[in-house]
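See structure below.
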Amino acid sequence: QVHLVESGGGLVQAGGSLRLSCAASRSILSLSSMGWYRQAPGKQRELVAAITSGGSTNYADSVKGRFTISRDYAKNTMELQMNGLKPEDTAVYYCFAHEYRGDYWGQGTQVTVSS
């Protein structure tokens, strides 16, 4: 099992930047994929970005060119650099991870973008 803890959320003006971090309780080497989902009020949870253990990335069309996902194996963290934030990016952002033993989720961190 692995525990995931997000940090880095907050309030930012439109056009600003935030960097989310997801810290794992153990080595992330066995996690075949990690990523971020978000859920806005009244909407379904959606995939924002994902990264495999091999470094392949996948982004939602709405964030391509603005968000960058990365993994740090030395620190056992995953990060999401969010630039050019828009009010529609406002949501709770959840870290997730997948390995052969199952899926894991963090508790979520709120990102609010004011116009």
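What to note about this one:
- Filtering the stretch 74-87 to residues that are within 17 Å of residue 5 (Cβ to Cβ) and not acidic (Asp, Glu) leaves 75, 76, 77, 78, 80.
Yes or no, residue by residue, for (1) of a type outside the set (A, V, I, L, M); (2) in contact with a Gly (Cβ under 6 Å, 6 or more places away or on another chain); (3) in a strand (DSSP E or B); (4) open to solvent by less than 20 Å² (accessible area, probe 1.4 Å):
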residue	(1), (2), (3), (4)
78	no, no, yes, yes
81	yes, no, yes, no
94	yes, yes, yes, no
98	yes, no, yes, no
103	yes, no, yes, no
110	yes, yes, yes, no
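- Hits in the stretch 58-76 (condition: open to solvent by 70 Å² or more (accessible area, probe 1.4 Å) and within 21 Å of residue 105 (Cβ to Cβ)): 58, 73, 75
- Residue list for the stretch 1-51, restricted to those being open to solvent by 50 Å² or more (accessible area, probe 1.4 Å), within 17 Å of residue 74 (Cα to Cα) and in a strand (DSSP E or B): 5
- Qualifying positions in the stretch 44-54 - out of contact with any strand residue (DSSP E or B) (no Cβ under 8 Å at 6 or more places or on another chain) and either of a type in the set (S, T, N, Q) or in contact (Cβ under 8 Å) with a residue 12 or more places away in the chain (or both): 44
The values are calculated or read from the model by the stated rules, or taken from the named source; none is laboratory data. Note that the structure is a prediction, hence the values are computed from the model and not measured. Cβ: placed from backbone, ideal geometry, glycine included. Neighbour counts: every protein chain shown. Areas reflect the complete protein model, heavy atoms only, side chains present, ligands, DNA and RNA absent. Shrake-Rupley method; radii C 1.70, N 1.55, O 1.52, S 1.80 Å.
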